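**Student:** My questions all concern the structure below.
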Amino acid sequence: MHVQEWLDSVPAVAVYAMVALVIGLESLGIPLPGEIVLVSAALMSSQHSAIDPVVLGACATAGAVVGDSIGYAIGRRGGRPLLAWLGRRFPSHFSEGHVATAERSFERWGMWAVFFGRFVALLRIFAGPLAGVLRMPYWKFLVANVLGGICWAGGTTAVVYYVGIVAESWLKKFSWLGLVAAVLIGLVSMLVLKRRAKKEQTVPRETEAAEPVPVRD
């Protein structure tokens, strides 16, 4: 079966559900390729008339906001022991270097770290749980979470969708290249983040207080 024929056979509701679920779980704190899934789905929407990019962006935004909110609640309840447990279970993602990098960002930028963290793979995983651990006021977290989710999910969907439309004639002949490109971009991003994380691990971590450090505005 040709790749385009296979894509046309995928139910739109399945695409919406997959995007919302993967992005929601990633935002909750589980290391998953949310950005790759969103980019791939947006490319599909540019070639698959049944997939509405507006609905796709809305589902991605909902997954991001709900996932982050659940992550916030878990982090607020679990505190620093939760980060230590995650570090033992997922050392490549929740290492001391990663946690230190994310925590410094939160202490410096406050709620803006939640907003801009949506655009950075490392902070996208940490934003919800770490905001809860640091006891950021929920209303501030929610505002930054919703605005960041809309800008990231909606913006990514729109950009990728219109790029796909512009290149439609080319993608009709090489439809598989769009998906391959999305995967390659994701892999390169992961390698760059891992390299930065290793550098962070070489830097001594600042002494942590016994109680959570209040987050500044």
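**Student:** Of the conditions (1) among the small types (G, A, S); (2) at positive phi; (3) without any contact (Cβ under 8 Å) to a residue 60 or more places away in the chain, S105 fails just one. Which one is it?
**Tutor:** Failed condition: (2).
**Student:** Which helices (runs of 4 or more DSSP H) does region 33-143 wholly contain that include 1 or more residues that are within 30 Å of V166 (Cβ to Cβ)?
**Tutor:** Correct list: 34-47, 53-89, 111-117, 121-133.
**Student:** May I pose another question? Under 6 Å between Cβ atoms, at least 6 apart or on separate chains: pull out the pairs that start in region 62-75 with a residue that is on the phi > 0 side of the Ramachandran plot and end on any residue that is surrounded by fewer than 24 Cβ atoms within 10 Å (Cβ to Cβ).
**Tutor:** none
**Student:** Let me ask something else. Here are some conditions: (1) touching a Phe, Trp or Tyr at 6+ places or on another chain (Cβ under 8 Å); (2) over 21 Å from A144 (Cα atoms); (3) modelled with pLDDT of 85 or more. S46 meets all but one. Which one does it not meet?
**Tutor:** With respect to (1) touching a Phe, Trp or Tyr at 6+ places or on another chain (Cβ under 8 Å); (2) over 21 Å from A144 (Cα atoms); (3) modelled with pLDDT of 85 or more, S46 is out only on (3).
The values are calculated or read from the model by the stated rules, or taken from the named source; none is laboratory data. None of these values were measured; they are calculated from a predicted model. All Cβ positions, glycine included, derive from the backbone under ideal geometry; neighbour counts span all protein chains shown.
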